[in-house]
Amino acid sequence: MTEERSAVVVRDDRKSYGELKAVDGVSFTVAEGEFFGILGPNGAGKTTTLEIIEGLREPDSGEVRLFGESPWPRNVKLLPRIGVQLQATSFFDKLTAKEQLQTFGSLYGVSRATAADMLELVGLADKANEQENKLSGGQRQRLSIACALVHDPDIVFLDEPTAALDPQARRNLWDVLRAIQERGKTIVYTTHYLDEAEILCDRVAIMDNGKILALDPPAVLVRGLDAPTHVTLQKGVLSVVDASSLDGVDEAHENEVSLTISTRRPAPVLSALADRGALDGLQVRTATLEDVFLNLTGREYRA
Amino acid sequence: MTAFKTLSVAMLKGFIRDKVTLFFTFLFPLMFLIIFGLILRDVGADKTRIAVVGDGPIVSALRDSGALELESYNDVDAAVQKVKDGDLPAALIIRGQQLDVRFAQSDQVKSATVLGIVNGFVDKANLAATGQPPKFTFAAEKVEDASLKPIQFLTPGILSWGVAVSAVFGSALTLVSWRRKQVLRRIRLAPVSAASVLSSRILVSTGVALVQGAIFIGIASLPVFGLRLSGSWWLAIPLLLLGTIAFFALGMLVGAFAKTEEAASAAANIVVLPMAFLSGTFFPVDQAPAWLQTVSKIFPLRHMNDGMLDVLVRGKGIEALAMPAAILVGFSLVVGFLASRVFKWEE
């Protein structure tokens with residue numbers, strides 16, 4: 001990944017608001033076509049980092065390059081290549097879904113027909129003539145993303161697109177995001193849902209207190225953690241003593257409903273369980289990004 | 001150019017679909033126009049009514065002149081009672097050559113009018129009875145004076161006020177709501193100039209002002225209100241446009257400071273309401289005390305009102321526009337400059 005092919009290059013950026021160091025020496029690059037996630041709890045500095053890359057804020061120090069150019073001050077040459085999804089409410093008053101897209105499209109010289117086509121991509125074709133305030137939260141979120149994509153940008157910035165959505169709407173949105181990536185777009189997005197980042201992102205940067213704590217593909221981050229895999233069985237299938245004696249088991253304990261086995265070598269443990277026919281209620285939970293976060297910060301992840 | 005057009009259409013649609021805004025733009029000022037227009041319709045047109053007992057040449061002359069409205073009674077006591085009750089200002093009692101007037105002391109203006117008129121007719125009859133030619137002659141002719149029928153000053157005043165209100169609120173609320181909802185941020189991230197966004201919003205506001213003008217003048221011209229436009233009424237159009245821009249700039253200034261729509265609305269009211277009352281929207285300002293007239297000159301609405309009055313009903317020509325136009329343009333430049341200095345893209 002050379003820098004010439006990078007969509008985004010951030011080098012040691014800092015931004016303070018008074019005493020608060022919102023972004024405190026952040027560096028990373030995003031390759032073209034990559035799905036890049038920035039995750040962390042509220043107040044970690046995710047939004048400020050995005051705003052610096054988008055050219056909405058000037059960093060106190062450090063360098064930003066977007067397709068090789070500086071986004072600050074307002075770089076009119078870059079603007080058509082950037083799509084930014086904002087809050088789910090940033091629409092014109094009283095316009096229908098289709099009219100919102102056409103109006104935002106017109107700011108980029110996009111034809112009315114092309115703009116209306118975006119409704120298909122986000123699955124809102126049947127809501128074309130609904131006014132924006134009549135849409136559900138998930139639909140509005142998708143419309144907002146359609147508005148960010150209406151001018152066919154090369155890179156899309158999404159700031160917590162799935163916040164405050166119900167599980168079904170979140171899953172619908174994931175499909176939309178994958179469809180966008182398949183079109184060859186670079187996606188930079190922030191979220192505080194770690195599970196979601198794990199599923200969607202090629203690479204994630206974990207942020208806390210304005211700093212990046214780790215940056216890698218989610219699987220690499222989780223593997224590097226050397227955290228045990230938890231195998232859960234229905235209670236009574238196997239005794240705690242028997243479980244503890246199995247090859248590869250670190251520890252086993254039981255509560256009212258289930259038996260949980262911790263292991264760093266799940267393969268022999270699972271085959272031993274299979275040999276004994278003790279697979280009732282089997283669940284296997286490997287380490288997740290939440291464990292990574294816990295390990296990095298020493299505290300429980302709280303969105 | 002297409003961004004300018006689409007934005008204008010978008011804002012126009014947003015305006016038309018917002019019932020509350022439509023109400024405050026059209027119906028609310030119209031309510032004032034209609035209520036004041038009806039209440040004040042007959043002011044000045046009223047003739048004084050008096051009671052009359054008996055008949056004779058003087059009563060006939062009075063009746064023919066139409067100077068007073070006469071209400072005939074057969075009974076002196078009944079007529080006097082009407083005066084005592086305060087229903088009529090005076091009673092005229094004729095007994096042959098003798099004319100008595102009983103008048104109510106409380107209403108001195110009306111009583112004096114009645115006494116003067118009756119006296120005049122008696123003197124004239126006396127002179128005629130002597131057969132002498134009159135030594136002095138006297139003729140009266142109507143002059144179109146500067147004091148106007150209520151609808152004539154109400155219409156320009158309420159029109160200016162309505163235009164000012166919708167321009168101030170339109171720009172202040174749009175600015176605040178766009179900032180809060182991050183529409184401004186979206187615009188800033190698009191390769192479009194702030195000028196085309198601003199000018200499309202102003203275009204919608206001026207269009208609205210022209211529609212307001214057409215509707216208000218149309219309704220005031222109905223026979224029931226009786227507005228009579230002067231020949232140079234079309235000179236009101238440039239004044240409407242300049243006024244819209246001036247008050248739009250004022251709204252931008254208000255919107256730059258307000259954080260929420262509620263605050264913007266309250267601030268706009270604080271600016272617009274006192275200005276409306278002191279600028280002659282609801283009553284002619286030349287009847288106000290001198291110091292108040294001086295104070296009112298600092299308001300652009302006062303000058304817009306004056307200009308509207310001059311061209312809509314007083315029939316003055318283009319020269320009457322010079323002063324109000326210069327003041328509105330100056331106000332727009334100064335306030336617009338201030339607004340651009342304090343303008344904020346983000347909260």
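Some notes on this structure:
- Here the strands (runs of 3 or more DSSP E) wholly within segment B:1-112 that include at least 2 residues being surrounded by 18 or more Cβ atoms within 10 Å (Cβ to Cβ) are B:49-53, B:90-95, B:98-103.
- Exactly one residue out of A:LEU20, A:LEU56 is facing another protein chain (nearest Cβ under 9 Å) and either in contact with a Gly (Cβ under 7 Å, 6 or more places away or on another chain) or free of Cβ contacts under 8 Å to residues at least 24 places away in the same chain (or both), and it is A:LEU56.
- With respect to being among the small types (Gly, Ala, Ser), within 30 Å of B:PHE282 (Cα to Cα) and in contact (Cβ under 8 Å) with a residue 60 or more places away in the chain, B:ALA209 falls outside the description.
- Hits in segment A:65-95 - residues which are surrounded by fewer than 21 Cβ atoms within 10 Å (Cβ to Cβ), on the phi < 0 side of the Ramachandran plot and hydrophobic (A, V, I, L, M, F, W, C): A:TRP72, A:VAL76, A:LEU86
The rows are residues; the columns are (1) in the same structural domain as B:LEU301 (by TED's automatic domain parsing); (2) surrounded by 21 or more Cβ atoms within 10 Å (Cβ to Cβ); (3) not in a loop (DSSP other than H, G, I, E, B).
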| residue | (1), (2), (3) |
| --- | --- |
| B:TRP161 | yes, yes, yes |
| B:ALA172 | yes, yes, yes |
| B:TRP178 | yes, yes, yes |
| B:SER196 | yes, no, yes |
| B:SER205 | yes, yes, yes |
| B:GLY213 | yes, yes, yes |
| B:GLY218 | yes, no, yes |
| B:PRO223 | yes, no, no |
| B:GLY226 | yes, no, no |
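- Meeting the requirement of 3 or more residues that are modelled with pLDDT of 90 or more and within 21 Å of B:LEU30 (Cα to Cα), the helices (runs of 4 or more DSSP H) wholly within segment B:279-347 are B:300-312.
- Of all residues in segment A:62-73, none are assigned by TED's automatic domain parsing to the domain that holds A:ALA164, of a type in the set (D, E, K, R) and touching an Asp or Glu at 6+ places or on another chain (Cβ under 6 Å).
- A search for C-beta distances below 9 Å between a residue of segment A:161-173 that is outside the structural domain of A:GLY137 (by TED's automatic domain parsing) and part of a loop (DSSP other than H, G, I, E, B) and any residue that is buried (at least 18 other Cβ atoms within 10 Å of the Cβ) and acidic (Asp, Glu), counting only pairs 6+ apart in sequence or on different chains, returns nothing.
- Once segment A:214-230 is narrowed to residues that are out of contact with any Leu (no Cβ under 7 Å at 6 or more places or on another chain) and hydrophobic (A, V, I, L, M, F, W, C), the residue that is surrounded by the fewest Cβ atoms within 10 Å (Cβ to Cβ) is A:ALA219.
- Of the helices (runs of 4 or more DSSP H) lying entirely inside segment A:51-149, the ones with 3 or more residues being in contact with a Ser or Thr (Cβ under 7 Å, 6 or more places away or on another chain) are found at A:97-106.
The rows are residues; the columns are (1) aliphatic (A, V, I, L, M); (2) in a helix (DSSP H, G or I); (3) surrounded by fewer than 18 Cβ atoms within 10 Å (Cβ to Cβ); (4) not assigned by TED's automatic domain parsing to the domain that holds A:VAL23.
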position: A:ALA205; (1), (2), (3), (4): yes, no, no, no
position: A:ILE212; (1), (2), (3), (4): yes, no, no, no
position: A:ALA243; (1), (2), (3), (4): yes, yes, no, yes
position: A:PHE293; (1), (2), (3), (4): no, yes, no, yes
position: A:LEU296; (1), (2), (3), (4): yes, yes, yes, yes
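- So B:ALA214, is it among the small types (Gly, Ala, Ser), at pLDDT 95 or above and more than 16 Å from B:ILE245 (Cβ to Cβ): yes
- Among all residues of segment B:175-196, there is at least one that is within 32 Å of the chain's Cα centre (by Cα), within 14 Å of another protein chain (Cβ to nearest Cβ) and in contact (Cβ under 8 Å) with a residue 12 or more places away in the chain.
- Taking segment A:275-284 as the range and being surrounded by 11 or more Cβ atoms within 10 Å (Cβ to Cβ) and either modelled with pLDDT under 85 or under 18 Å from A:GLY236 (Cβ atoms) (or both) as the test, the residues that pass are A:ARG276, A:ALA278, A:LEU279, A:ASP280, A:GLY281, A:LEU282, A:GLN283.
- Residues being of a type in the set (Ser, Thr, Tyr) and out of contact with any helix residue (DSSP H, G or I) (no Cβ under 8 Å at 6 or more places or on another chain) - total across segment A:127-185: 1
- Any hit, segment A:103-116, residues being within 19 Å of A:TYR189 (Cα to Cα) and more than 7 Å from every other protein chain (Cβ to nearest Cβ): no
- Close pairs (9 angstrom Cβ cut-off, 6 or more residues apart or separate chains): without any contact (Cβ under 8 Å) to a residue 60 or more places away in the chain in segment A:191-215, crowded, with 21+ Cβ neighbours inside 10 Å and assigned to a helix (DSSP H, G or I) anywhere: A:ILE199/A:PRO218
- Total residues in segment A:173-224 satisfying the condition of being touching a strand residue (DSSP E or B) at 6+ places or on another chain (Cβ under 7 Å), modelled with pLDDT under 90 and of a type in the set (Ser, Thr, Tyr): the figure is 1.
The values are calculated or read from the model by the stated rules, or taken from the named source; none is laboratory data. All of these numbers come straight from a predicted model, not from anything done at the bench. FYI the Cβ positions are ideal-geometry reconstructions off the backbone, even for glycines, and counts take in every protein chain you see.
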